[in-house]
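So that we are looking at the same thing, I have put the structure below in structure tokens.
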Amino acid sequence: MPEEIKEKITPQEIRENTRDIRDIMHSNQLSAEQRTSLLADEFTRLEVQIATVLFAFSGIFWSSFSDNLGDFSLTAIFVMKISFSFALLSLIGSLTLGLLHLKSAEKFWDTVLHQRIIRLKQWNKVARKEVSFEQADAYHQGTAMEQGSILYSPSWTWIMQSIFLGISILLLYALAMVFLFAK
């Protein structure tokens, strides 16, 4: 910083500028956190909707599929039925894991909200002069869990949901192509 600027800025102005920068950075961080969470939840919901629609259409496909299996050998029919069953099981797994992921993410955010509320209550006590700044700061630090101990909503449910959905889509597509081109 140039010397002439250093001399013009008072320690109070430095503190105010620091607070302003901190507040702006914190606001941007919260905005990014909200956006990331929203996008992740929307992707999970989209996968749940795709699995639901596929599950509904598979019932329609099954009625047409089961009526026209006369041209295939018994082994081929058995393999196709097993594949179809596995595709439906994968769709059910995808639906279940997607809903589980959404519920665990909701539980995580409820925990974060509760943590922030108890911190805010402590800082409000400072404003009412019921506790000191140092006590509120110590309380805040104690509930912050130092970012390394924070429990995140598990990503394995989302990963498994995507895998199951992909397996079911591939199996249903393969069955549709075999059925379509067999005639």
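The values are calculated or read from the model by the stated rules, or taken from the named source; none is laboratory data. Because the structure is predicted, anything quoted here is derived from the model rather than measured. Please note: Cβ atoms are built from the backbone with ideal geometry, for glycine as well, and neighbour counts cover all protein chains shown.
So which pairs qualify, if the first residue must be in segment 46-68 and in contact (Cβ under 8 Å) with a residue 24 or more places away in the chain, the second must be part of a helix (DSSP H, G or I) and of a type in the set (S, T, Y), the Cβ gap must be under 8 Å, and the two must be at least 6 apart or on different chains?
Note: pairs meeting the criteria are E47/S94; E47/S162; V48/S94; A51/S94; A51/S168; L54/S168.
State whether the residues of segment 19-32 include one that is touching a residue at least 12 places away in the same chain (Cβ under 8 Å) and among the β-branched types (V, I, T). Let's see the steps before the verdict.
First, pick out the residues of segment 19-32 that are touching a residue at least 12 places away in the same chain (Cβ under 8 Å): none.
Within segment 19-32 (the criterion being touching a residue at least 12 places away in the same chain (Cβ under 8 Å) and among the β-branched types (V, I, T)), the answer is no, since none of the residues qualifies.
What are the pairs, 6+ residues apart or on separate chains, where a residue within segment 165-183 that is without any contact (Cβ under 8 Å) to a residue 12 or more places away in the chain has its Cβ under 9 Å from a residue that is hydrophobic (A, V, I, L, M, F, W, C)?
L170/A87
Of these, S90, S104, S155, S132, which one is among the small types (G, A, S), exposed (fewer than 13 other Cβ atoms within 10 Å of the Cβ) and under 21 Å from A51 (Cα atoms)?
Working: S90 fails: exposed (fewer than 13 other Cβ atoms within 10 Å of the Cβ); S104 fails: exposed (fewer than 13 other Cβ atoms within 10 Å of the Cβ); S132 fails: under 21 Å from A51 (Cα atoms).
Only one candidate passes the filter, namely S155.
Looking at (1) farther than 30 Å from L171 by Cα; (2) in contact (Cβ under 8 Å) with a residue 12 or more places away in the chain; (3) in contact with a helix residue (DSSP H, G or I) (Cβ under 8 Å, 6 or more places away or on another chain), which is the only condition F108 fails?
(3) is the only condition that F108 fails.
Yes or no: S85 out of contact with any His (no Cβ under 6 Å at 6 or more places or on another chain), surrounded by 17 or more Cβ atoms within 10 Å (Cβ to Cβ) and of a type in the set (S, T, Y)?
On the way: out of contact with any His (no Cβ under 6 Å at 6 or more places or on another chain): yes; surrounded by 17 or more Cβ atoms within 10 Å (Cβ to Cβ): no; of a type in the set (S, T, Y): yes.
In short, no.
Please go through (1) exposed (fewer than 11 other Cβ atoms within 10 Å of the Cβ); (2) closer than 29 Å to L99 by Cβ; (3) at pLDDT 80 or above; (4) not acidic (D, E) for L74 and return the number of the only condition it doesn't satisfy.
Tallying (1) exposed (fewer than 11 other Cβ atoms within 10 Å of the Cβ); (2) closer than 29 Å to L99 by Cβ; (3) at pLDDT 80 or above; (4) not acidic (D, E), L74 fails exactly one: (2).
Now, a different point. Could you check V126 against (1) out of contact with any helix residue (DSSP H, G or I) (no Cβ under 8 Å at 6 or more places or on another chain); (2) farther than 30 Å from F55 by Cα; (3) among the β-branched types (V, I, T) and say which number it fails?
Every condition holds for V126 apart from (1).
So, one more: As an exercise: evaluate S149 against (1) modelled with pLDDT of 80 or more; (2) of a type in the set (S, T, Y); (3) under 32 Å from the mean Cα position of the chain (by Cα) and give the number of the one condition it does not meet.
If we test S149 against (1) modelled with pLDDT of 80 or more; (2) of a type in the set (S, T, Y); (3) under 32 Å from the mean Cα position of the chain (by Cα), just (1) comes out false.
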